[in-house]
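Undergrad: First the structure, then my questions, so here it is.
Just so it is clear, none of the values below were taken in a lab; they were calculated from the coordinates. Remember, it's a predicted structure, so these values are computed and weren't measured experimentally. No Cβ is skipped: glycine too gets one built from the backbone with ideal geometry, and neighbour counts run over all protein chains shown.
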Amino acid sequence: MVTDDGEREERIAGGGLLHRRALLVAGAVSAGGWASGLGAATGARSPDSMRAPGAPLSGYGAPAPSAAKIQRLVPNLPFPGSGSARTPLELLEGTITPNGLHFERHHNGVPAIDPATHELLIHGLVRQPLLFRYEDLLRYPRESRILFLECSGNSGTIAAATPVQASAGQLNGLVSCAEWTGVRLSTLLDEAGLDPAARWVQAEGADAAGMTRSIPLSICLDDAMIALFQNGEPLRPQQGFPMRLLLPGIEGNASIKWLRRLKVMATPAFSREETSKYSDLLIDGRAELFSLRMGVKSVILAPSFGLDLAGPGLREISGLAWSGRGRIRRVEVSADGGASWAEAALGEPVLPKALTRFRIPWRWEGGVATLMSRAVDESGAEQPRRADWIAKYGPGQGYHSNAIQSWRIDGQGHVSHVYA
């Protein structure tokens, strides 16, 4: 297809999906067209910002006034200490979530903890029990990794009988990504000395819920860490200050915040949070326990509900993909409800167990379109269609949803959530 500006667009799938090189062409044309329309006098006028001194220095930065509306999505709940606040994914760019917008999930409020008195105990099937204060952990070698954290209940509304009409953040905002810095858990377990019978570790938090989870020892000895910093600053209270367990790729509920105790055991504890909660009811009536690792997943953020299209033209479809098994290998996008697919460009760097941004150019010509994305990770796992995901589970399943989500654009550019 040749556009009005004489450039040739290479269509690679139905519904107007274009080769990713079209993004570069569109950017150049847009910039040139804008510049050519400027009057000679425009550059000679000084803006108001140049006519008076600016604001003074501040002790801690704040968003620009125009960005102050970008906030977590906090529902009205009868018990304010229990619930979740979601990240407004569709209003952000890149892959790193600012600390003030990282999703929250609490079961009995955010405790106020004095780091000078807080202690972490490692005991159970170990040669010698160990007790660590916050300042003790600061003396150990640290590592930093960019990792996503996702609540296992994220995107659970996709199991509803009819599509919930809500923003991408409201539907999928229980996932965020940050640079976490802390001490390898394996370092501390090695120092304590593991008994040959050790197979599990029970982690407990110092919140009023006494949040407790059992974690396979193999996960604890892999890439788990005791996180002390997030995006360069000490953990915020909402994220577990002064210390939290961080299990890369594992459901968020197991990354215990306000960590106070690690008990090495031969068997799991079968606590409330891993039996009656955070377990998966299968279609045959059995319950699957300890399905901890989050599946491969992607969501389209633009266009999405609440971000309607003003009119036909060249646009970019973009979103995020991630997997608890490692790196994203590819993301494919469809604009015709899955009849055809085109591979999107992945933003660098593509890191293991981190959010990855994908983009693909799209020319919307004003007709009805259904947008979908599907991700494949480096293990070969592919994001399932909703019907296939639903068929696996019993009624009411809301955990570990990684099914393909779809957006419908009507002739007026209105975007709605649909099942396709």
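Undergrad: Scan around Leu228 for amide H atoms under 5 Å from its own, H built in the peptide plane at 1.01 Å from N, and keep only partners 5 or more places away or cross-chain.
TA: Those qualifying (amide H under 5 Å, at least 5 residues apart or on another chain) are Thr181, Gly182, Val183.
Undergrad: Let's test this: bin the Cα-Cα distances of the chain at 10 Å from zero up to the farthest pair and state each bin's percent.
TA: 4, 19, 28, 23, 15, 8, 3, 0
Undergrad: Next up: If amide H atoms are built 1.01 Å from N in the plane of the peptide, which residues on other chains or at least 5 residues away come under 5 Å of the amide H of Leu194?
TA: Excluding prolines and chain starts, which carry no amide H, the hits are Arg127.
Undergrad: In addition: Taking the Cβ-Cβ separation of Arg21 and Asp136 as r and a Förster radius of 56 Å, what is the calculated FRET efficiency to the nearest 0.05?
TA: Between Arg21 and Asp136 the formula returns 0.55.
Undergrad: For region 361-369, take each phi angle, set θ = phi - 60°, evaluate the Karplus expression 6.51 cos²θ - 1.76 cosθ + 1.60, and give the result in whole Hz per residue in order, putting x for glycine and proline.
TA: The phi angles translate into x, 8, 9, 8, 9, x, x, 6, 9 Hz.
Undergrad: Can you list the HN-Hα couplings for region 271-279, worked out from phi with the Karplus curve (6.51, -1.76, 1.60; θ = phi - 60°), rounded to whole Hz and with x for Gly and Pro?
TA: So the J values, rounded to whole Hz, are 6, 4, 6, 10, 10, 6, 10, 6, 10.
Undergrad: For Leu320, which sequence-distant residues (separation of 5 or more, or a different chain) have an amide H within less than 5 Å of its own amide H, given hydrogens modelled in the peptide plane?
TA: The answer is Val299, Leu301, Phe358.
Undergrad: Right, next: Taking the 0 to 90 degree range and rounding to the nearest ten, how far is the long axis of helix 21-36 tilted relative to the main principal axis of the chain, both from C-alpha atoms?
TA: With both axes taken from Cα atoms, the answer is about 60 degrees.
Undergrad: With +1 on each Lys and Arg Cβ and -1 on each Asp and Glu Cβ, and nothing else charged, work out how big the dipole of the chain is about its Cα centre, in Debye to the nearest 20.
TA: I would put it at about 360 debye.
Undergrad: Here is a follow-up. Using a 7 Å offset from the Cα along the Cα-to-Cβ direction at both Ser340 and Ala310, what is the distance between the two label points in nm, to one decimal?
TA: Those two pseudo-labels are separated by 2.9 nm.
Undergrad: What's the center-to-center distance, using Cα atoms, between region 111-180 and region 57-102 in Å?
TA: Between the Cα centre of region 111-180 and that of region 57-102, the gap is 17 Å.
Undergrad: Quick one: 3J(HN,Hα) in Hz for region 341-351, Karplus 6.51/-1.76/1.60 with θ = phi - 60°, rounded, Gly and Pro as x.
TA: Listing the rounded values in order: 9, 9, 7, 8, 7, 9, x, 8, x, 8, 9 Hz.
Undergrad: Can you pull the one-decimal nm distance between simple spin-label points at Asn99 and Thr187, each 7 Å off the Cα toward Cβ?
TA: 2.0 nm
Undergrad: If exposed means no more than 10 neighbouring beta carbons inside 10 Å and the site is in a DSSP loop, what's the longest run of the chain without any exposed trypsin sites (Lys or Arg not before Pro)?
TA: Result for the longest clean stretch: 140-285.
Undergrad: Remind me, relative contact order of the chain in percent, using alpha carbon pairs under 8 angstrom and six or more residues apart?
TA: About 17 percent, as a whole number.
Undergrad: Let me ask something else. Sum up the lysine pairs in the chain that clear both bars: alpha-carbon distance under 28 Å and a spacing of 8 or more or different chains.
TA: Total qualifying Lys-Lys pairs in the chain comes to 13.
Undergrad: Next question, about the same structure. Against the globular-protein guess of 2.2 N^0.38 Å, express the Cα radius of gyration of region 265-341 as a ratio, rounded to two decimals.
TA: Rounded to two decimals, the normalised Rg is 1.68.
Undergrad: Just how far, in whole angstrom, is region 300-354 from region 366-392 if you go by their alpha carbon centroids?
TA: Measuring centre to centre over Cα atoms gives 11 Å.
Undergrad: Points 7 angstrom from Cα along the Cβ direction at Ser276 and Glu378: gap in nanometres?
TA: Here the answer is 4.1 nm between the modelled labels.
Undergrad: Take region 73-217, compute every pairwise Cα distance, and split them into 5 Å bins from 0; I just need the percent in each bin.
TA: 2, 8, 13, 15, 18, 17, 12, 8, 5, 2, 1
Undergrad: While we're on this one: Say we join alpha carbon atoms closer than 10 Å with springs in a Gaussian network model of the chain; which of Ser340, Ser186, Ser58 then has the biggest fluctuation?
TA: Ser58
Undergrad: May I ask you to compute the full-extension gain from Ala52 to Val418, defined as 0.36 nm times their residue separation minus their alpha-carbon distance, rounded to one decimal in nm?
TA: 126.7 nm is the gain from fully extending Ala52 to Val418.
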